[in-house]
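Asker: My structure is below; once you've seen it, I'll send some questions.
The values are calculated or read from the model by the stated rules, or taken from the named source; none is laboratory data. In this text the structure is predicted, and so the values were computed from the model without any measurement. Here the Cβ positions follow ideal geometry from the backbone for every residue, glycine too, while neighbour counts run over all protein chains shown.
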Amino acid sequence: MGLLRVQYQGEKNQGGMIISVILSRRLSVWCRLPNGKWDLGKIEETLGDEATISLLSGTVVKVSTAELLPANPDILEGVDDLMQLSYLNEPSVLHNIKHRYAQDLIYSKAGPVLIAVNPFKEIPIYGNEILTSYKQNAKDSPHVYAIADAAYNEMMRDEKNQSIILSGESGAGKTETAKYVMQYLASLGCGNDSMGYEILQTNFILQAFGNAKTSRNNNSSRFGKLIEIHFNASGKIHGAKIQTCKYS
C-alpha cells in the first residue's frame with residue numbers, strides 16, 4: 001500500500017517553467033505592465049521571482065516572472081488561424097488579431113470558430129464576385145461566406161439541421177454579419193428565385209421597429225432574433241421563420 005501526495009506549488013513554479021522555456025528557446029516575451037497592458041520585450045536577467053525586461057521601446061522594467069508569457073516567432077505573425085500559433089496565450093492572440101486588422105483582414109479563425117472585428121469602414125470583401133469565389137471554392141481564407149458555405153454543405157451531406165451563432169458586444173457587427181450569412185445562403189438556395197430576396201428584405205422591417213441609437217452604436221438592435229431558413233431535399237429554399245425576443 002502506498003500514498004501518493006500531489007502538492008500544488010502555485011505560480012512560483014509555473015513562472016519558473018515559463019522562464020526556462022523562454023530562455024532555452026531565445027524567445028521574445030510578453031510582459032504585463034503595472035497598468036495591465038501587455039508589451040513585447042526581451043529578458044535581460046532574472047533574479048529569483050523577478051525579471052529585468054528590455055521593452056521594444058527601449059524602456060527597461062522589472063516585473064514578476066508570473067507576469068511573463070512567451071511570444072511567438074515572427075514567422076507566425078498574422079496567421080489566419082490562431083490554432084497555428086505556437087503559444088496560444090492572451091497577448092499573442094490579441095497581437096495577431098490586431099496585426100491582421102491593421103491590414104484590413106478583419107476575419108480570423110480559431111479552429112471552426114470565426115473571429116470578426118468590426119472595421120467601422122467599407123472594405124471590398126463582399127459582393128457577388130467574392131461570393132462566387134467562395135461558392136466555387138476558389139478561396140479558403142477566413143470569411144463569413146466560408147462559414148455559411150460549410151453549414152450549407154454539411155446540411156446537404158448529413159441531412160441534419162445546422163446552426164450559426166453570432167455573438168458579441170454592442171457594435172461588434174452581429175446584425176451586418178447576419179445579413180451576409182443570409183445573402184450567401186440565399187444565393188445557394190434560390191438562384192434567381194425571388195424568395196431569397198424577400199427573406200433578405202425582412203431585415204429592414206425588423207430594424208425599423210427594433211433598432212435604436214445608443215452611445216456605442218448608431219444602429220443597435222434592441223432585440224434578439226432566431227432566423228430559420230428552410231431548405232428542401234434538393235437544397236432550395238422553400239420558406240423561412242423569424243422569432244424575436246425583447247432585451248430585458
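Asker: Looking at this structure, is Ser92 touching a Leu at 6+ places or on another chain (Cβ under 6 Å), more than 30 Å from Ser221 (Cα to Cα) and assigned to a helix (DSSP H, G or I)?
Answerer: yes
Asker: Let me ask you something else. Going through Gly239, Gly235 one at a time, which residue ends up being assigned to a strand (DSSP E or B), in the same structural domain as Ile164 (by TED's automatic domain parsing) and exposed (fewer than 13 other Cβ atoms within 10 Å of the Cβ)?
Answerer: Just one listed residue meets the conditions, Gly239.
Asker: Mind listing just one residue for me: the one in segment 208-232 that is surrounded by 15 or more Cβ atoms within 10 Å (Cβ to Cβ) and polar (S, T, N, Q) and, of those, modelled with the lowest pLDDT?
Answerer: Among residues in segment 208-232 that are surrounded by 15 or more Cβ atoms within 10 Å (Cβ to Cβ) and polar (S, T, N, Q), the one modelled with the lowest pLDDT is Asn217.
Asker: Follow-up question, since we're still on this one. Filter segment 119-140 for residues that are surrounded by 13 or more Cβ atoms within 10 Å (Cβ to Cβ) and in a loop (DSSP other than H, G, I, E, B) and give the result.
Answerer: If the condition is that a residue be surrounded by 13 or more Cβ atoms within 10 Å (Cβ to Cβ) and in a loop (DSSP other than H, G, I, E, B), then Pro119, Ile125, Tyr126, Lys139 are the ones that fit.
Asker: Against the conditions (1) surrounded by 14 or more Cβ atoms within 10 Å (Cβ to Cβ); (2) at pLDDT 85 or above; (3) out of contact with any Lys or Arg (no Cβ under 8 Å at 6 or more places or on another chain), where does Met195 fall short? Just the number, please.
Answerer: Condition (2) is where Met195 drops out.
Asker: Of everything in segment 162-189 that's of a type in the set (Gly, Ala, Ser) and within 26 Å of Ala233 (Cα to Cα), which residue is surrounded by the fewest Cβ atoms within 10 Å (Cβ to Cβ)?
Answerer: The qualifying residue surrounded by the fewest Cβ atoms within 10 Å (Cβ to Cβ) is Ser163.
Asker: Which one of Tyr145, Tyr101 is outside the structural domain of Ile227 (by TED's automatic domain parsing), modelled with pLDDT of 95 or more and either exposed (fewer than 15 other Cβ atoms within 10 Å of the Cβ) or of a type in the set (Phe, Trp, Tyr) (or both)?
Answerer: Just a single option satisfies the conditions, and that option is Tyr101.
Matching residues to (1) small (Gly, Ala, Ser); (2) assigned to a helix (DSSP H, G or I); (3) on the phi > 0 side of the Ramachandran plot; (4) touching a Phe, Trp or Tyr at 6+ places or on another chain (Cβ under 6 Å):
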residue: Ile147; (1), (2), (3), (4): no, yes, no, no
residue: Asn153; (1), (2), (3), (4): no, yes, no, no
residue: Gln162; (1), (2), (3), (4): no, no, no, no
residue: Glu169; (1), (2), (3), (4): no, no, no, no
residue: Thr177; (1), (2), (3), (4): no, yes, no, no
residue: Ser187; (1), (2), (3), (4): yes, yes, no, no
residue: Tyr197; (1), (2), (3), (4): no, yes, no, no
residue: Gln207; (1), (2), (3), (4): no, yes, no, no
residue: Asn218; (1), (2), (3), (4): no, no, no, no
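Asker: Which residue pairs have Cβ atoms under 8 Å apart, sit 6 or more places apart or on different chains, and have a first residue in segment 158-183 that is in the same structural domain as Ala212 (by TED's automatic domain parsing) and touching a residue at least 40 places away in the same chain (Cβ under 8 Å) and a second that is of a type in the set (Val, Ile, Thr) and part of a helix (DSSP H, G or I)?
Answerer: Note: pairs meeting the criteria are Thr177/Val144; Tyr180/Val144; Met182/Ile199.
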